[in-house]
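J.: Mind looking over this structure? Questions follow.
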Amino acid sequence: MSLTRLSVFGLGYVGAVTSACLADLGVEVTGVDLNPLKVDTINAGRSPIVEGGLDELIAAGVAAGRLRATPDAEAAVLNSDISMICVGTPSHANGSLDLTAVQRVAETVGAAIARKGAWHLVVVRSTMLPGSTEEQVVPLLERHSGLRAGTDFGVCYNPEFLREGSSIEDFHHPPFTIIGSDDPRAAAAAAAPYAALQGEVITTSIRAAEMVKYVCNAFHALKVTFANEVGLIASAHGVDSHEVMDIIGRDHKLNISTAYLRPGFAFGGSCLPKDLRALTHDAKRNDLEVPVLSAILPSNEQHVARAYELVRATGARRIGVLGLSFKAGTDDLRESPLVALVERLIGRGYDVRVHDPNVAYANLHGANRAYIEQEIPHIVSILTETADDLLQHSEVVIIGNGDPEHVRTLQRLRDGQQVIDLVRPRGMEPMDPAHYTGIAW
């Protein structure tokens with residue numbers, strides 16, 4: 001069955017744009033709103049919000065008979081195959097979300113599908129924190145319908161990425177379409193209305209789809225603030241900040257890419273910490289407040305503290321650390337967060353062993369050998385020659401960097417040995433969660 005009839009609940013910004021654009025794709029759309037002004041405005045072929053091109057799109061949809069609006073929620077559900085929830089989720093004074101409108105729509109749609117006698121799909125498009133669909137929407141749908149999600153009706157989460165002022169362009173040319181569902185039938189039905197659009201359709205869990213929306217917006221906010229703080233520092237030096245950021249944006253290998261966006265342990269090495277300190281010190285010297293840049297190093301240090309707390313929580317005392325350099329493929333120990341972690345463990349009385357095939361004291365020379373002799377001479381005594389020596393010693397094994405050798409070492413774990421993973425090395429097989437902990441997953 002081709003699912004081409006939709007009821008869209010909420011005719012605010014997201015609902016109005018989504019309704020008009022889906023109608024433009026040939027979908028039969030019924031918009032639902034309790035506000036009679038919005039209903040009448042759409043039925044008159046006009047937009048209830050100010051958005052370039054939306055008046056024309058709504059007028060075309062109404063004229064073609066593919067778009068209408070109604071305050072009758074039950075009739076809209078009974079005469080559609082998919083119901084989209086697009087109502088607002090404003091903030092309370094303390095920053096928490098107000099899901100009242102979403103909850104009311106879920107109750108209304110649940111009561112309507114109870115009378116339908118046919119499978120129906122509910123797609124949540126409102127922005128909500130991870131867990132909201134499963135913990136708020138689904139129970140209300142089930143309670144008011146007397147039916148079971150995943151069997152009698154489907155539920156998906158489909159976040160929107162519509163920017164005000166360019167929403168129609170964003171809808172018709174998305175970077176991707178996200179469908180959150182573990183129900184193949186529901187996921188396929190939710191993706192069907194977008195079939196004519198370009199861009200990858202990504203199916204994931206409902207909670208991951210909810211999270212993606214927040215991460216995107218937080219990342220955009222971070223980029224704006226980062227660029228503004230860079231602009232302040234550049235301006236203080238008489239540098240054109242727009243020229244600088246234009247050059248930054250031309251690097252698609254590291255800057256505008258997925259590089260450095262893998263959750264894991266703290267950064268280190270001879271460049272990032274030193275240069276951040278210099279930049280933030282320079283800002284202070286020029287009486288500039290750069291709170292985002294200034295928060296990076298303290299946030300980084302919190303990951304070292306978190307790794308220590310994960311070890312402490314095991315109750316074990318014999319600890320093995322696979323990796324000591326700040327990243328795989330190097331012997332550079334300068335400002336390595338693993339060195340900081342090992343130092344903290346030793347200072348708290350843990351019996352620690354370390355194995356890093358790239359860090360063999362006998363072969364070190366120059367800056368690295370001087371660093372060990374001057375800053376961490378006691379580290380030499382806890383380095384093991386082989387990974388098996390470390391395994392023989394340890395109750396808890398910490399994966400410190402992404403060296404492929406560490407993945408092979410884990411295949412030789414003894415029963416009962418705990419693993420704390422700080423990097424999630426590529427190619428590593430899933431491990432028993434009873435004996436495995438990831439630092440940020």
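Every read-out reported here was derived from the displayed coordinates using simple, explicitly stated rules and does not represent laboratory data. Keep in mind that what you see is a predicted model, and the values were worked out from it rather than measured. A quick note on method: Cβ atoms are made from the backbone with ideal geometry, for glycine too, and the neighbour counts reach across all protein chains shown.
J.: In the chain, what % of DSSP beta bridges are antiparallel (nearest 5)?
T.: Antiparallel bridges make up about 5 percent of those DSSP assigns within the chain.
J.: Follow-up question, since we're still on this one. List the residues, sorted by chain then number, that are 5 or more residues from VAL87 or on another chain and whose placed amide H is less than 5 Å from its amide H.
T.: Long-range HN contacts for VAL87: SER126.
J.: If you don't mind, another one. To one decimal place, what Kirkwood hydrodynamic radius in Å is obtained for region 91-160 from all pairs of distinct Cα atoms?
T.: 12.4
J.: Hey, another quick one. Could you give the Stokes-Einstein D for region 19-172 in µm² per second, using the C-alpha Kirkwood radius, 10 °C, 1.306 mPa s?
T.: Using the Kirkwood radius from Cα pairs, D works out to 97 µm²/s.
J.: Can you bin every Cα-Cα distance in region 19-71 into 10 Å intervals starting at zero and give me the percent of pairs per bin, rounded to whole numbers?
T.: P(r) for region 19-71, in whole percents per bin: 31, 59, 10.
J.: Also, I was wondering about something else. How much net charge surrounds GLN411 when only other residues with a Cβ under 12 Å from its Cβ are counted (Lys, Arg +1; Asp, Glu -1)?
T.: 0
J.: Turning to a different aspect of this structure: Could you point to the residue in LEU345, GLY45, PRO174 farthest towards the positive end of the chain's charge dipole, with +1 and -1 charges on the Cβ of Lys/Arg and Asp/Glu respectively?
T.: The listed residue farthest towards the positive side: LEU345.
J.: Counting only residues 5 or more places away or on other chains, whose amide H sits under 5 Å from the amide H of VAL32 once H atoms are built in the peptide plane?
T.: VAL8, PHE9, GLY10, THR70
J.: Measuring from centroid to centroid over Cα atoms, what is the spacing of region 168-245 and region 272-324 in Å?
T.: Cα centres, region 168-245 to region 272-324: 27 Å.
J.: Further, regarding this structure: Could you work out [θ]222 nm for the chain from helices alone, using -39500 (n - 2.57) per DSSP H run of at least four and dividing by all its residues? Round to the nearest 500 deg cm²/dmol.
T.: -13000 deg cm²/dmol
J.: Most mobile of GLU160, GLU375, GLU74 per a Gaussian network model of the chain (Cα springs, under 10 Å)?
T.: Result: GLU375 has the largest fluctuation of those listed.
J.: Report ³J(HN,Hα) in whole Hz for each residue of region 206-218, in order, from the Karplus equation J = 6.51 cos²θ - 1.76 cosθ + 1.60 where θ = phi - 60°; Gly and Pro get x.
T.: 4, 5, 5, 5, 4, 5, 4, 4, 5, 5, 4, 5, 5
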